[in-house]
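Please treat every number below as a calculation from the coordinates, not as lab data. Being a predicted model, the structure only gives us computed values, none of them experimental. We place every Cβ from the backbone using ideal geometry, glycine too, and count neighbours over all the protein chains shown.
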Amino acid sequence: MNPVIPLANSLHRATVDALRRQAPFATMANDEVLWLVQRLSVAYYAEHAVLLEPAEVRPAALFIIKQGSVSGVAADDQAVFQLAAGEMFPLGALLAGRGVANRYIAAADTFCYLLPASDFHALLARSKEFNDFCTRRIASLLEESQRAVQSEYALALDDEQRFARPLASVVRRAPYAVRPTTPLAEALVAMEAARIGSVVVTEETDAPIGILTLKDVLTRVTLAQVPLVTPISAVMTPAPATLPDDAPVADALVLMARQGIHHLPLVHDGHLTGVVSEKDIFALRRLSVDGITSALRRTDDPARLPGLAHDIGDLAHSLLAQGMDAENLTAIISSLNDQLTERIIAFESETDRKLAGLRWCWLALGSEGRMEQTLATDQDNALIFDHADDAQREALMAFAQRVNSRLDACGFPLCRGEIMAGNPQWCLSAADWERQFAQWIDHGSPEALLHASIFFDFRPLAGDAALAIGLRTWLKHAAQKNPRFLHQMSRNALRNRPPLGVVRDFVFSDDQKHPHTIDLKMNGATPFVDAARIFALAAGSPQTNTAKRLREAAQALHIPDHELADWNRAFHFLQLLRLRHQHSQQRAGEIPDNHVDPDTLNPLDRRILKEALRQARKVQARLALDYKL
Amino acid sequence: MLDATSAARRTALAALRAPDPGRPLAAQRWCVVDVETGGLDATRDPLLAIGAVAIEGGRIHLDDSFERGLTQTEATAASNILIHGISGSEQRAGQAPHVALLDWLEFATTAPRVAFHAGFDQAVLQRALHTRLGLRPPAPWFDAAVVAPLLFPAAASRCSQLDDWLALFGITVYARHGALADAYATAELWLVLLNAAARENITTLRQLQRLLRARRWLPMH
């Protein structure tokens with residue numbers, strides 16, 4: 001008998017005693033545990049019964065295993081973890097207010113205590129011990145947050161948005177069209193050569209008047225034994241259904257389903273502009289890195305590139321939905337954008353005779369240079385070349401401007417700061433680049449430091465990489481020779497304080513256009529990026545990627561592994577928050593940015609954000625230590 | 001004679017009807033009960049304590065539980081105290097029997113009763129309710145000792161007592177022979193049985209009663 005506990009019967013007291021044998025209840029005050037017990041219910045699950053399914057809705061209750069065991073099973077039916085008596089789940093999903101990502105299955109006959117979600121949150125507020133236990137381990141929380149986001153996005157990713165895209169964006173190649181008088185033999189050979197499933201018959205005006213598909217060939221030509229000298233007009237489907245190329249994909253689906261057809265000519269002002277096949281439309285559902293890579297390689301028409309750029313964006317959204325981590329995701333986005341840029345550069349350089357014999361290299365700068373592109377990226381690029389006379393310089397610049405404008409058409413807006421290869425200021429010979437870099441290093445003005453932070457992350461993207469490597473080697477020596485410059489860079493980097501407040505938990509950005517927000521790029525990710533750059537320059541490393549720079553630096557500076565791991569986790573969490581924020585903005589049809597109102601984050605993410613910003617401070621503290629600032 | 005308050009409570013309880021037999025088992029509120037008596041004779045020995053827990057929506061709700069001791073005019077023989085562990089002073093510290101019984105009915109209401117070897121509990125409670133309050137509640141009784149072998153015939157030959165079934169399903173009792181503790185353990189067993197019944201497509205009270213009637217024609221061990 002415990003006289004302190006009011007209104008507790010022997011069942012309540014016995015349950016209190018049983019719970020208090022395990023963490024975190026062992027350290028909690030007696031009446032907090034009783035408060036909990038009086039809100040519990042007990043449920044039984046036979047072996048193999050499902051306790052929780054991945055779902056969009058937040059879980060209704062906290063489960064505490066009373067006896068038995070529970071497996072967490074991923075989408076591929078692999079058991080990913082096993083929980084035993086005394087363990088609680090799904091903590092992360094409850095804290096984040098999201099659905100669970102895994103399926104929870106009874107691995108044996110199991111009894112669980114269930115605590116309603118509202119009481120779980122009330123207990124978090126009541127009991128510090130319980131709160132600490134549930135929220136303390138940042139790494140496992142991040143994992144949980146990551147898993148939780150998977151289900152949220154996977155379920156939110158509907159096809160609606162994709163099917164609202166204009167048909168023109170789905171078309172992968174220029175249409176193959178013939179005149180009505182073309183002999184069947186000629187049309188069929190061409191179809192085979194181009195590996196296409198249909199041929200459109202057009203008049204001189206380019207207006208489609210018929211279509212013949214491979215399926216038609218079987219019935220109308222082969223089985224009907226029509227001689228191959230017959231003009232195609234004799235067997236084509238006359239007056240085929242067409243759609244304007246700016247009609248949404250959904251219209252094509254409906255028309256195809258209604259008419260039982262698989263190929264649809266697209267027209268613009270009555271002219272044939274493409275053919276969309278059922279396959280093209282369903283390919284949308286199966287976006288893959290390989291698919292986009294090979295589509296980029298295959299395409300022989302630069303006009304198709306904006307569509308592929310769109311696919312890269314869709315793929316990034318879907319990978320985000322599948323719970324890919326920020327490090328891999330930003331690397332994939334960057335690598336696909338690289339390939340797209342390379343393709344554009346190839347289109348523009350191969351046809352340009354004036355470039356023949358010139359050595360040049362396209363440089364990716366900024367986030368692209370670091371392989372850290374998010375969903376909102378404008379252009380940051382430059383051109384380096386070997387000796388060139390004025391005319392050649394003009395040709396290089398014209399080429400770069402064409403690439404810039406094609407990139408713009410692909411959704412990489414022209415850089416507001418004019419940091420683009422087509423700008424005469426940033427289209428320089430190797431010797432001029434060295435002079436420019438040397439000036440920034442010597443000068444150390446705020447503007448010079450700003451430029452250094454963008455340009456010193458350069459990476460060769462296309463052309464003669466030896467030029468970029470030469471410049472990197474030069475920079476390595478120049479930066480190491482100049483401790484004053486690194487000192488200034490550090491001082492500059494430390495001015496950008498992570499927005500953690502003393503009174504409130506976050507300090508909001510003073511940007512008038514974005515009140516009550518923090519800038520996840522400038523005040524979140526940038527402290528890591530800046531510190532990593534200085535570490536790399538000081539060590540003479542050619543590495544441009546922030547995580548890799550930090551890894552290298554940790555070795556050289558004897559930073560313990562777990563500290564490094566926390567830095568990188570924090571950096572990638574900030575990147576992930578940016579990606580998620582941009583993702584939801586793009587879905588809402590807004591221009592993506594980096595301004596997040598912390599109050600819109602769920603309690604788990606908010607807590608992790610604070611922790612991540614604390615890590616940013618630690619990186620800065622390390623920098624300050626190195627440069628005695 | 002009952003006092004005015006008790007009489008009013010009794011009148012309200014007399015109006016209780018039996019539960020709808022078509023109601024799904026999953027939606028049913030069950031009252032799992034165990035009584036402690038001053039001996040093993042249901043017709044004579046005094047009722048010492050009632051323990052009960054409710055199952056609703058397929059779950060035992062810990063706050064929906066019931067525990068009352070009944071005051072005795074005379075403490076029972078020492079031999080029974082050894083079984084139940086209710087000392088003479090604890091017995092006398094309980095509530096007046098008519099109040100405890102009114103409390104019990106207000107807790108149980110129309111819910112079907114479940115007990116292990118329910119015949120005994122049913123007889124003891126009916127006798128007490130009848131003599132103290134003049135009530136015969138119409139709620140049906142279910143015997144876990146009868147239902148369990150029907151749903152787990154393979155284990156039936158090995159299990160006859162509550163302890164056997166509890167051991168089979170790994171259910172522990174925090175204080176064996178305490179009324180509430182035994183009721184709670186029986187309730188956990190009942191959760192297992194309800195789960196098994198659902199697997200056999202027994203989904204209503206009526207179907208469960210039909211199964212129990214059919215048992216009379218089944219060969220038992």
Q | Rounded tilt (10° steps) of A:430-443 against the dominant C-alpha axis of chain A | A | 30 degrees
Q: With 21 Å as the limit, write out which pairs from A:513/A:610; A:481/A:628; A:66/A:128; A:128/A:521; A:513/A:618 have Cα-Cα distances beyond it, or answer none.
A: A:513/A:610; A:66/A:128; A:128/A:521; A:513/A:618
Q: Within region A:442-485, find all residues whose amide N lies under 19 Å from a label point positioned 7 Å from the Cα of residue A:496 along Cα-to-beta-carbon.
A: A:444-459, A:485
Q: Express the relative contact order of chain A as a whole percentage, based on alpha carbon pairs under 8 Å and six or more residues apart in sequence.
A: 10 percent
Q.
Cut-off under 15 Å on the C-alpha distance; same-chain residues fewer than 8 positions from residue A:354 excluded. Which aspartates and glutamates are left, in chain and number order?
A. A:386, A:389, A:390, A:394
Q: Please get the size of the charge dipole for region B:1-50, origin at its Cα centre, with Cβ charges of +1 on Lys and Arg and -1 on Asp and Glu, quoted in debye to the nearest 20.
A: 340 debye
Q. Residue A:51's amide H: which non-local residues (gap 5+, or another chain) put their own amide H closer than 5 Å, with H modeled 1.01 Å from N in plane and none for Pro or chain starts?
A. A:104, A:105, A:106
Q) FRET efficiency for residue A:590 and residue A:253, Cβ-Cβ distance as r, R0 = 30 Å, nearest 0.05? A) 0.65
Q) If you place +1 on the Cβ of every Lys and Arg and -1 on the Cβ of every Asp and Glu, how big does the dipole about the Cα centre of region A:301-428 come out, in debye to the nearest 20? A) 240 debye
Q. With the dipole of chain A worked out from charges on the C-beta (+1 for Lys and Arg, -1 for Asp and Glu) around the Cα centre, which of A:613, A:265, A:467 lies farthest toward the positive end?
A. A:613
Q.
Run lengths n ≥ 4 of DSSP H only: what is the helix-derived mean residue ellipticity at 222 nm for the protein assembly as shown, with -39500 (n - 2.57) per run over all residues, to the nearest 500?
A. -14500 deg cm²/dmol
Q.
Under the rule of at least 5 residues apart or a separate chain, name every residue whose amide H is placed under 5 Å from the amide H of residue A:274.
A. A:266
Q) Given charges of +1 on the Cβ of Lys and Arg and -1 on the Cβ of Asp and Glu, with all other atoms neutral, how large is the dipole of the protein assembly as shown about its Cα centre, in debye to the nearest 20? A) 1640 debye
Q. Assuming R0 = 51 Å, what is the FRET efficiency of residue A:476 and residue A:222, from their Cβ-Cβ distance, to the nearest 0.05?
A. 0.15
Q | Rounded Å value of the spacing that divides the Cα centres of region A:43-67 and region B:1-37 | A | 32 Å
Q) What does the average come to when, for each residue of peptide A:10-16, you count the partner chain Cβ atoms lying within 10 Å of its Cβ? A) 6
(Q) Restricting to Cα pairs below 8 Å that are 6+ residues apart, what does the relative contact order work out to for chain B? Please round to a whole percent. (A) 26 percent
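Counting other beta carbons within 10 Å of each residue's own, what order do B:5, B:172 fall into, fewest first?
B:5, B:172
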Q | In order through region A:242-253: 3J(HN,Hα) via Karplus (6.51 cos²θ - 1.76 cosθ + 1.60), integer Hz, x for Gly, Pro | A | 10, 9, x, 6, 9, 5, x, 3, 4, 4, 5, 4
**Q.** Residue-count net charge about residue B:98 - beta-carbon cut-off 11 Å; Lys, Arg +1, Asp, Glu -1
**A.** +1
Q) Out of A:319, A:585, B:102, whose Cα points farthest toward the positive end of the dipole of the protein assembly as shown (charges: +1 Lys, Arg; -1 Asp, Glu; placed on Cβ)? A) B:102
Q) Residue by residue through region B:6-18, which ³J(HN,Hα) values in whole Hz follow from phi under the Karplus form 6.51 cos²θ - 1.76 cosθ + 1.60 (θ = phi - 60°), with glycine and proline marked x? A) 5, 4, 5, 5, 4, 4, 4, 6, 5, 7, 5, 10, 5
Q: Kindly express, to the nearest 10 degrees and within the range 0 to 90, the angle between helix A:446-455's C-alpha long axis and the longest C-alpha principal axis of chain A.
A: 70 degrees
Q.
Give me A:550, A:471 sorted ascending by neighbouring Cβ count inside 10 Å, so fewest comes first.
A. A:471, A:550
Q: Using the charge dipole of chain A (Lys, Arg: +1 at Cβ; Asp, Glu: -1 at Cβ; taken about the Cα centre), state which of A:545, A:68, A:275 has its Cα farthest towards the positive end.
A: A:68
